[in-house]
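Nothing in this text is a laboratory measurement; each read-out follows from the coordinates by a stated rule. All figures in this text were calculated on a predicted structure; none of them were measured in a lab. FYI the Cβ positions are ideal-geometry reconstructions off the backbone, even for glycines, and counts take in every protein chain you see.
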Amino acid sequence: MNQSDLYVLTGCTGVGKTELALRWAEQFDGEIISCDSLLFYRGMDIGTAKPSRAERERVRHHLIDVCEPARRMDVKAYLKLACEAVRDIEARGSRALVVGGSGFYLRSFFAPVADDVPVDENVRVELQRRWASGGLGPLVAELNRLNPEGLGSLDQKNPRRVLRALERCLVTGRTLGELGRAFAEQSPPFSDRTVHVTVLTREDADLKARIEQRTAAMINHGLIDEVRLLRSHGLEANPSASRAIGYREVLAWIDSGRSIDELAAEINRNTWRLARKQRTWFRTQLPAHLTLTVTDQVEAKVADLFAALS
């Protein structure tokens, strides 16, 4: 086991990453870097199944509670913080264990995820003004004019993607094709390290039961009050946070008059859909990795996990 290698433990929501990660980190002098897109936000504790204070006292964690829920986190900011965390961990002679299931952020450990095109606030504000006054059509037309070779797979009905694409073309004077080719030539951020990836999985019936148990526990432990408090602090200003499973359902439920059972059922359905999408992503987008099937008999699998990550 090399101290400068990176170890990644991932798997779909509810699979049981937290306890196994803690045990590995305790045995191998590791520290955990969160790769969960909701653990960034302060106050989003119950609905994210955030590691408890006691769990964070067992093992040092990084990239948890790093920003307010009304402010969006993006992959560039995440990557900067992750690089700093890795250097910090290694400076103490410890090992870095990346834990989480958020695919876009997870990708940053083994592939390029962000180009070096600078953000020009003046251009961004002007494009937002034009979109608000004239709609998306003229912006798409200009984007087509600037890209005679075509727009590729760009979703031309998605305002955020169209605005960002046009901004990048205007700032750089390059086409989307040229920008895409330059991006593909970038080296992965951690190309100087070996990244070991292990994916945890469970049988469907087992995972569904765990999801239902977790949803019930969240509701019983104050999820609704947590969402009400976050809403008063501007949660809905951040689409990434307010549309997250557990939070979006409660936000819609608060004034609906529906029952708690209906709320729980909706969260369970959406969580299961997310788990299935995550499974597909892990299967098709991750580099070579080991898949480890877990049961609720955690002790029986700890040795296997240690062997996989060591």
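Place a +1 charge on the Cβ of each Lys and Arg in the chain and a -1 charge on the Cβ of each Asp and Glu, then give the dipole magnitude about the Cα centre in debye, rounded to the nearest 20.
Here the size comes out at about 600 debye.
Placing +1 on the Cβ of each Lys and Arg and -1 on the Cβ of each Asp and Glu in the chain, which of ASN270, LEU292, SER108 has its Cα farthest towards the positive end of the resulting dipole?
Result: ASN270.
Sorted by average packing, counted as other Cβ atoms within 10 angstrom per residue and highest first, what order do 151-160, 285-294 take?
285-294, 151-160
Looking at region 214-290, which trypsin sites (Lys or Arg not before Pro) are in a loop (DSSP not H, G, I, E or B) and have at most 15 other Cβ atoms within 10 Å?
Answer in residue order: ARG243, ARG258.
Which is the longest part of the chain that has none of the GluC sites (Glu not before Pro) sitting in a DSSP loop with at most 11 other Cβ atoms within 10 Å?
Value returned for the longest uninterrupted segment is 1-148.
Using 31 Å as the Cα-Cα cut-off, could you pick out the over-long pairs in LYS17/LYS76; LYS157/LYS208; LYS17/LYS157; LYS76/LYS208; LYS50/LYS76?
Where the Cα-Cα span goes over 31 Å, the pairs concerned are LYS157/LYS208; LYS17/LYS157; LYS76/LYS208.
If you filter region 68-99 for trypsin sites (Lys or Arg not before Pro), then keep DSSP loop positions with at most 16 other Cβ within 10 Å, what is left?
ARG71, ARG72, ARG92
Would you indicate which of [x] 153; [y] 236; [z] 162 is the value of volume of the Cα convex hull per residue in Å³ derived from the coordinates of this structure?
[x]
If you find the alpha carbon centre of region 194-272 and of region 1-78, how far apart are they in angstrom?
Their Cα centres are 18 Å away from one another.
Kindly write out, for region 173-178 in residue order, the coupling ³J(HN,Hα) from the Karplus curve 6.51 cos²θ - 1.76 cosθ + 1.60 (θ = phi - 60°), rounded to whole Hz, with x marking Gly and Pro.
Ordered by residue, 3J(HN,Hα) equals x, 10, 7, 5, x, 5 Hz.
Given Cβ point charges of +1 (Lys, Arg) and -1 (Asp, Glu) and nothing else, what value in debye, to the nearest 20, does the dipole of region 121-184 about its Cα centre take?
140 debye
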